[in-house]
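Beneath this line is the structure, given in structure tokens, with notes to follow.
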Amino acid sequence: MPAHAPARTRVLTVLASAALALTAATTATASATAADPTSWRWGAIHSTDGMATAWGKVAVGQSGLVVYGNLDDTYGKRCSWALIRYQSATNGRWRTHGIYNCQAGTGTFRKGVGAAMQIKIQVCRGTATRPINKCSRWKTVYTQGG
């Protein structure tokens with residue numbers, strides 16, 4: 001065996017260790033990226049009579065969080081309402097925004113809520129001017145840090 005063989009073995013061992021470390025770092029970065037979502041889905045929320053249903057997701061937009069959703073009115077008489085309630089991260093105040101669908105079928109909506117600490121959704125039945133009754137409980141669909 002030549003005298004320079006152990007040196008070659010050391011170089012190969014160092015290269016193999018570096019390649020293994022690089023592969024582990026790449027895998028760790030990929031799993032960290034997968035664990036950091038930019039959208040959170042929320043499942044179906046039904047009014048108490050079952051005639052109104054909403055579902056959707058909360059996504060990160062250019063100016064903070066955006067609530068995207070679908071609002072289904074299965075009955076056709078009166079209107080379905082989705083109430084979005086969110087707490088501002090800047091001043092802590094709660095704000096409520098209502099979206100309604102008065103046609104039988106599914107409609108879509110989008111509401112920018114900015115920097116929010118919490119977002120809750122409630123689904124109701126009502127008229128074209130306001131929600132009246134048959135409201136679900138408030139469901140938390142997003143919490144900052146949780």
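The values are calculated or read from the model by the stated rules, or taken from the named source; none is laboratory data. Quick caveat: nothing in here was measured; it's all calculated off a predicted structure. Glycine also receives a Cβ, built like all others from the backbone with ideal geometry; neighbour counts cover every protein chain displayed.
Summary of computed values
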{"read-out": "All positions within the range 66-89 that are under 18 Å from residue 40 (Cα atoms) and aromatic (Phe, Trp, Tyr)", "value": "68, 86"}
{"read-out": "Those strands (runs of 3 or more DSSP E) lying entirely in the range 79-146 with at least 3 residues modelled with pLDDT of 95 or more", "value": "79-88, 94-101, 105-114, 116-126, 139-143"}
{"read-out": "Residue satisfying all of: in the range 45-65; small (Gly, Ala, Ser), crowded, with 19+ Cβ neighbours inside 10 Å and under 21 Å from residue 118 (Cβ atoms); nearest to the chain's Cα centre (by Cα) among these", "value": "56"}
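So that you can scan it fast, the table gives a plain yes or no per residue for (1) in contact (Cβ under 8 Å) with a residue 60 or more places away in the chain; (2) of a type in the set (Ser, Thr, Tyr):
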{"position": "53", "(1), (2)": "yes, yes"}
{"position": "62", "(1), (2)": "no, no"}
{"position": "65", "(1), (2)": "yes, no"}
{"position": "68", "(1), (2)": "no, yes"}
{"position": "75", "(1), (2)": "no, yes"}
{"position": "99", "(1), (2)": "no, no"}
{"position": "112", "(1), (2)": "no, no"}
{"position": "123", "(1), (2)": "yes, no"}
{"position": "134", "(1), (2)": "yes, no"}
